[in-house]
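Here is the structure we will look at.
The values are calculated or read from the model by the stated rules, or taken from the named source; none is laboratory data. Here the structure is a predicted model, which means the values were calculated and not measured. Here the Cβ is made from the backbone with ideal geometry for all residues, glycine too, and neighbour counts use every protein chain on show. With ligands, DNA and RNA removed, areas are computed over all heavy atoms of the protein, side chains included. Shrake-Rupley method; radii C 1.70, N 1.55, O 1.52, S 1.80 Å.
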Amino acid sequence: MKNHFLVLPLLFLIFSCSESVDSKNPLVDFNSSPNEWLLHGRTYAEERHSPLDQINTSNVDQIGLSWSFETGTNRGHETTPIVKDGVMFITAPWSVVHALDAKTGDLLWTHDPQVERAWANNACCDVVNRGVALYENSIFFGTLDGRLISLDKDTGNENWSILTIDKSWPYTITGAPRIVKGNVIIGNGGGEFGVRGYVTAYDVDSGDELWRFYTVPGNPNEPFESPEMEIAAKTWSGGKWWEYGGGGTVWDSMAYDPVLDTLYIGTGNGSPWNRYVRSPGGGDNLYLSSIVALDPDTGDYKWHYQTTPGDSWDYTATQHMILADLEINGQIRKVIMQAPKNGFFYVIDRTNGELISAENYVPINWATHVDMETGRPIENPANNYFNTPALTTPGPLGGHNWQPMAFNPDTGLVYIPAQEMLFVYSHDKDFKYNRKTWNTGQQVEMTYLPKNPDELAMVDKATFGYLLAWDPVAQKEVWREQYQRPWSGGLLSTAGDLVLQGTSDGRFIAFDAASGEMLWSVDTGQGIIAPPITYMIDEEQYIAVQVGYGGAYALAGAFPSANKNPAQNGRMLVFKLGGEKMSPPVQSIAKVNPVVPSMTTDALTIARGEYEYHEHCQFCHGAGVIGGGVIPDLRYLDEVGHKTFLGVILGGMHSEKGMASFKDVLSLEQANQIQAYIISQAKLTGVTQEAAED
Ligand code: CA
């Protein structure tokens, strides 16, 4: 189980719809509700483009804060609010739901599903939640520990709660449910640990299960659930993938076309990432890293397009999908667009899954291009990591991750929260599966780990992001705004010719949609990853965004520049014309100046600790023990923290805070080695002193 993920930082261093009306579902008719935000992507087509234009290019510099709401937690905040009848429904970390007066920010009710905190050990990428779904008088949301819950929208009281997972497997839910014709549809995550992906539909009123579509085959010696699973099983070979789950989780993106009556789901990476472990005999491993079209009433398969056949890089196709009708070569084409992690921007015919075009939107080296005859990427043999570790871009966090794009039908542009990060992939020849920890099939390449602050600074510089305005017809960049750091927020487009985005360095910015000119910006004091939305009440337009840094990169990829904006308590910020200026933002997290225990140890123990740390701890506490400010930076553990270290790591003393015991994964000796390594890294800070010998 040599998984290792965050060699991330390390590695780099080397180098220096069209909509129509569904009479059964008023939410489909977005034109009748231009003032509200009723669905996750505003419409089923997921454009994230609002027809509101009271706030526009001529006056956006006059907006200010109208109200704010504290969520009371500092983990990653990724919600898309839903706004209806003057009420805003949001989620916060640990799957907590709040209903707010959308005009004043007054709290109407809170529903805390009391997520089992120890379940956080099964979450690859923070204890986030991306939002609720609304249907008639109920709202629906998933919980980190696998439940789907229906609440009364007026009171927050529970209508029903269904466990959607088998808890003997490390599944989590972070994505927002979608509702199509009275079916609540929800997927799950867990691909880093090893699970079998699926998506399930439940009846809105009763919570009864209606159908389930598995995305990868189970044990081929047992009956297949559907004809598609029998077909898919022929594309897996030589391994026992079902013992690892296989992957293909549907952890975020979906879209729906009411005219074609088709539901589109995006599927995730393989479990483990490494196909030589998962399917050593080769094959495409259907339906990993694919867009799959389903019948929303039955879950029956219609077609699929696989973006990364035989995925070996965590190149999920769970990224945001947008439906639009585009004129291409003189013809109006019904398309679905996606910029998955693998770095290609795809325009696909959504009636049948045929590729129309694909070009890379970020630099890539794992493939040369997508072949238009076959629709398949042509892999670069030099980046095959079976025999030799391969420095590869994009890395597992992708050229674009979950942060939603936006499509403006007037400019014809898609706005992409893009990023560049390298990663060293390396085949683990001694891979052993352990369901209690990450299973990527990757070997930690210690030589790539930054050893000192200078090396870390080099990695920092080689890792960045940008807002990319992309012409999907010409498949080319139109403009970009460069950011120092990756992992900025999702996007909002408006008919006021605006594009809005929060950044990982804490700014909330409005751009001219056509030119990219920056028209307005405010420092919110903490990193933003969530996408903004907009709505109108009593003739006033509001723009809302949730702030609070977190998620995969924020936990694992801490860099020196990250320390400028330590995560604080998350909040909703809502702006309008003539609003107040931002009040002084957040306070800094005070750095303690601890004394670490004196420990008689040797270089070999520390080196072993370094290895085990990067196997098991870096995903949450940061490579090199440099925390991202979201959860505790272990270099600053105080005396009590060190005295109770084994009680926490093996004894589960802090389970209720989300730090469960690693006793099934680590021996006492390994835990001691990790502590020795943490102390050695603490001393490098220069502010930590070793205690005098007793
Ligand atoms: Ca993944």
Open item on the list: Taking the criterion of being open to solvent by 10 Å² or more (accessible area, probe 1.4 Å) and assigned to a strand (DSSP E or B), would at least one residue in the stretch 494-506 satisfy it?
Closed with: no
- [ ] Would you check which residues across the stretch 318-341 are over 15 Å from SER357 (Cβ atoms) and touching a Leu at 6+ places or on another chain (Cβ under 8 Å) and list them?
- [x] ILE332, LYS341
Open item on the list: Tell me whether the stretch 378-388 contains one or more residues that are modelled with pLDDT of 95 or more, under 26 Å from the mean Cα position of the chain (by Cα) and closer than 21 Å to SER493 by Cβ.
Closed with: no
Task: Pairs with Cβ under 8 Å, 6+ apart, first in the stretch 671-685 and within 15 Å of ALA623 (Cα to Cα), second of a type in the set (Ser, Thr, Tyr) and crowded, with 22+ Cβ neighbours inside 10 Å - done: ILE674/TYR613; TYR677/TYR613; ILE678/TYR613
Open item on the list: Tally up the residues in the stretch 253-275 that are open to solvent by 10 Å² or more (accessible area, probe 1.4 Å) and within 12 Å of the ligand (Cβ to nearest atom), please.
Closed with: 0
Task: Filter result (within 30 Å of VAL277 (Cα to Cα) and open to solvent by less than 10 Å² (accessible area, probe 1.4 Å)) within the stretch 441-485 - done: GLY441, GLN442, VAL444, LEU449, VAL459, THR463
Task: strands (runs of 3 or more DSSP E) wholly inside the stretch 367-438 containing at least 2 residues that are within 16 Å of the ligand (Cβ to nearest atom) - done: 423-425
Task: Number of the condition not met by ASN563 [criteria: (1) of a type outside the set (A, V, I, L, M, F, W, C); (2) in a helix (DSSP H, G or I); (3) open to solvent by 50 Å² or more (accessible area, probe 1.4 Å); (4) at pLDDT 80 or above] - done: (4)
Open item on the list: Going by what's in this entry, would GLU36 be described as at pLDDT 95 or above, closer than 30 Å to GLU158 by Cα and open to solvent by 10 Å² or more (accessible area, probe 1.4 Å)?
Closed with: yes
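I'd like to know if the stretch 428-437 contains one or more residues that are of a type in the set (Asp, Glu) and within 18 Å of the chain's Cα centre (by Cα).
no
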- [ ] Determine which single condition ILE149 fails, assuming it passes every other condition in (1) open to solvent by less than 30 Å² (accessible area, probe 1.4 Å); (2) in contact with an Asp or Glu (Cβ under 7 Å, 6 or more places away or on another chain); (3) in a loop (DSSP other than H, G, I, E, B).
- [x] (3)
- [ ] Would you check which residues across the stretch 227-237 are open to solvent by less than 70 Å² (accessible area, probe 1.4 Å) and of a type outside the set (A, V, I, L, M, F, W, C) and list them?
- [x] GLU228, THR235, SER237
- [ ] Scan the stretch 285-305 for residues that are within 16 Å of the ligand (Cβ to nearest atom) and in contact with an Asp or Glu (Cβ under 9 Å, 6 or more places away or on another chain) and report the count.
- [x] 4
- [ ] Report the residue count in the stretch 203-226 for those that are crowded, with 24+ Cβ neighbours inside 10 Å and either away from the ligand (no atom under 16 Å from the Cβ) or of a type outside the set (Val, Ile, Thr) (or both).
- [x] 2
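Checking the condition over 16 Å from ALA99 (Cα atoms) and modelled with pLDDT under 95, which residue from LYS181, LYS167 passes?
Answer to the check: LYS181.
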TODO: For ASN157, indicate whether it is within 14 Å of PHE141 (Cα to Cα), open to solvent by 50 Å² or more (accessible area, probe 1.4 Å) and in contact with a Leu (Cβ under 7 Å, 6 or more places away or on another chain).
DONE: yes
Task: Of all residues in the stretch 321-340 being assigned to a loop (DSSP other than H, G, I, E, B) and open to solvent by 10 Å² or more (accessible area, probe 1.4 Å), the one that is nearest to the ligand (Cβ to nearest atom) - done: ASN329
- [ ] Return the total of residues in the stretch 616-655 being assigned to a helix (DSSP H, G or I) and either open to solvent by 20 Å² or more (accessible area, probe 1.4 Å) or more than 19 Å from LEU456 (Cα to Cα) (or both).
- [x] 17
TODO: Report whether or not ARG130 is more than 17 Å from the chain's Cα centre (by Cα) and of a type in the set (Lys, Arg).
DONE: no
Open item on the list: Being open to solvent by less than 20 Å² (accessible area, probe 1.4 Å) and either within 16 Å of the ligand (Cβ to nearest atom) or touching a Lys or Arg at 6+ places or on another chain (Cβ under 7 Å) (or both) is true for just one of ILE139, ILE90. Which residue is that?
Closed with: ILE139
